[in-house]
Amino acid sequence: ETRIKHIACIGAGYVGGPTMAVIAQKCPDIKVTVVDISRERIAEWNDSNLDNLPIYEPGLKEVVAEARGRNLFFCTDVEGAIREADMIFISVNTPTKTYGVGKGMAADLKYVELCARQIANVATGNKIVVEKSTLPVRTAQSIRTILDAESNGLQFQVLSNPEFLAEGTAVSDLLNPDRVLIGGSEEEGGQAAVRALVEIYARWVDRSKILTTNIWSSELSKLTANAFLAQRVSSINAISALCEKSGADVDEIARAIGMDSRIGPKFLKASVGFGGSCFQKDILNLVYIARSYGLTEVADYWEQVISMNDYQKRRFAENIVNRLFNTVSGKKIAIMGWAFKKDTNDTRESAAIYVADYLLNEQAELWVYDPKVKAERVYADLDYLNTRGEDENRKLVKVVRDPYEAMQGAHAVAVLTEWDEFKAYDWQRVYDDMKKPAFLFDGRNILDRNKVKALGFEFEAIGYRS
Ligand code: NAD
Ligand code: UDX
């Protein structure tokens, strides 16, 4: 049986970093090398001050502290790591294509292909290549073809091992996953590779939770899981709009339906809309795949999950303008939270970006506060939209480190991320320091409605008629 001694992981991002840190922690006898082309990112992973890791995740710095330098290494020597490893995880980004055929829909696989070619070119021994990135169904076939074309007689096995961790809970999701999914080819070589990977996870995950499937099921399960999760959020958000008209309360509805064990209580939190690097990208990818197989109805069905999310973000921003007497021009508005959810510094596809952009088009003056997101990130996110010039974004948006400074003298406060600290603020003080009427828009339904209303706020939450 193959026993893995050296693992390499290409891509030291939100998935590669935490995943490899946990594997290294649990398998002290395996050397784990995480490589990336970004020198800056690798330097941050190696920073002696663990508060400077490139990714913020609760519990991550403790795991890195334990394993780094022992059997966990971060470096930029991609070729060296490939040569040394028996098993190579590909954990690079697979963003939505921004050019050419499938622009705005299909997954851009150029980074994955580069990895496959590099592995084929530098490998001097047999390797197991593991797809950790989220990939369209049948990508393993392409990877295999590239590897075989350049293999010089070496044996490569390709496995699919999608990652289900959610940001903000990455370490606990990795330590205690609902399941681990491993797909491999049905030939004996493929099954031996599957067993080698099973043995790694089995060090800390109960074998009953390690699911092995054929490789296409594994690839397609990942897209399907994200589509189902996002669909739940869009479904409850659709109902939130109906609640705001009818006087029903969306959180009460979520509780009522969630107690039905067939529906379940999780992922029914109405919000300003889902964000993050995965949901939109993976659903678009699914839609694209369905369309390319000629399955129009299937594509239309899943596409609606995205449309509902766009509607939810737009609706929230429109409501701010409407309530502020149809104009926010020159008005100070505090944006509380920029990350796409709490406990992460990731802002990719965050609803806050789109709400801010809408308000900036209405010439609002935005003051942004987020406990973990840096000012440069906020500006980069707005610049990326290309809606207005970089100078204008810097003129209209201020990013501050003190939440009270963000809210002082504001016409309105909008809560866009559900950071726990927001609940503990002195909302009396905030109210006293704001322009009146003081508008408070809770895009995450985290504030106690009765309390803030008693303080005098004009309060609006998602899925609730004020
Ligand atoms: P990321 O952008 O944080 O990290 C990817 C890293 O890969 C970057 O640091 C980049 O510099 C590096 N990279 C790109 N090409 C490279 C190359 N040729 N050689 C070396 N390094 C290279 O992305 P992420 O959020 O970690 O996502 C990675 C994959 O995992 C994606 O396919 C994503 O869909 C999937 N995924 C993400 C999550 C999540 O919550 N973020 C969860 C599950 C799955
Ligand atoms: C998601 C999947 O959950 C994870 O399994 C996969 O590996 C990667 O994609 P992530 O994007 O990190 O994880 O976070 P998630 O917790 O799924 O939240 C996504 C978005 O949905 C966030 O903006 C969150 O605020 C929003 N959301 C989630 C809601 O608005 N309501 C909910 O009830 C749940």
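The values are calculated or read from the model by the stated rules, or taken from the named source; none is laboratory data. This structure is a prediction, so every number in the text was calculated from the model and none was measured. Cβ coordinates were reconstructed from backbone atoms using ideal geometry, including for glycine residues, and neighbour counts include every protein chain displayed. Note: accessible area is taken over every heavy atom of the protein model, side chains too, but ligands, DNA and RNA are not part of it. Shrake-Rupley method; radii C 1.70, N 1.55, O 1.52, S 1.80 Å.
How many of the residues in the range 192-246 are within 20 Å of E163 (Cα to Cα), more than 16 Å from ligand 2 (Cβ to nearest atom), open to solvent by 60 Å² or more (accessible area, probe 1.4 Å) and assigned to a helix (DSSP H, G or I)? Result for the range 192-246: 5.
The criterion of at least 1 residues that are farther than 26 Å from V233 by Cα and at pLDDT 95 or above is met, among helices (runs of 4 or more DSSP H) falling completely within the range 321-424, by 351-361, 375-385, 390-396, 403-407.
If I filter the range 113-124 for residues that are under 29 Å from the mean Cα position of the chain (by Cα), of a type in the set (V, I, T) and over 30 Å from P371 (Cβ atoms), do I get at least one hit? Yes, the conditions are met somewhere in the range 113-124.
Output the residues belonging to the range 136-182 that are assigned to a strand (DSSP E or B) and not small (G, A, S). Full working, then the answer.
Filtering the range 136-182 down to residues assigned to a strand (DSSP E or B) leaves 156-160, 180-182.
Hits for the range 136-182 are F156, Q157, V158, L159, V180, L181, I182.
Scanning the range 445-466 for residues that are within 25 Å of F274 (Cβ to Cβ), assigned to a loop (DSSP other than H, G, I, E, B) and at pLDDT 95 or above returns N445, I446, L447, D448, I462, G463, Y464. Close contacts from the range 114-135, counting a first residue that is touching a residue at least 60 places away in the same chain (Cβ under 8 Å) and under 30 Å from N226 (Cβ atoms) and a second that is more than 9 Å from ligand 1 (Cβ to nearest atom) and in a loop (DSSP other than H, G, I, E, B), with Cβ to Cβ under 8 Å and a gap of 6+ residues or different chains, come to I128/T2; I128/I4; I128/D86; V130/N161; E131/N161; K132/N161; L135/L109.
Scanning the range 1-45 for residues that are open to solvent by less than 10 Å² (accessible area, probe 1.4 Å), within 16 Å of ligand 2 (Cβ to nearest atom) and β-branched (V, I, T) turns up T19, V22.
Within the range 247-283, the set of residues being farther than 20 Å from G443 by Cβ, part of a helix (DSSP H, G or I) and not β-branched (V, I, T) comprises A256, G258, K281, D282. The residue that is farthest from the chain's Cα centre (by Cα), among those in the range 338-351 that are more than 10 Å from ligand 2 (Cβ to nearest atom) and crowded, with 23+ Cβ neighbours inside 10 Å, is W338. Tallying residues that are open to solvent by 20 Å² or more (accessible area, probe 1.4 Å) and either touching a Leu at 6+ places or on another chain (Cβ under 6 Å) or more than 7 Å from ligand 2 (Cβ to nearest atom) (or both) within the range 268-283 yields 2. Set side by side, the residues L154, L147, L211 differ, and just one is away from ligand 1 (no atom under 16 Å from the Cβ) and closer than 25 Å to A107 by Cβ, which is L211.
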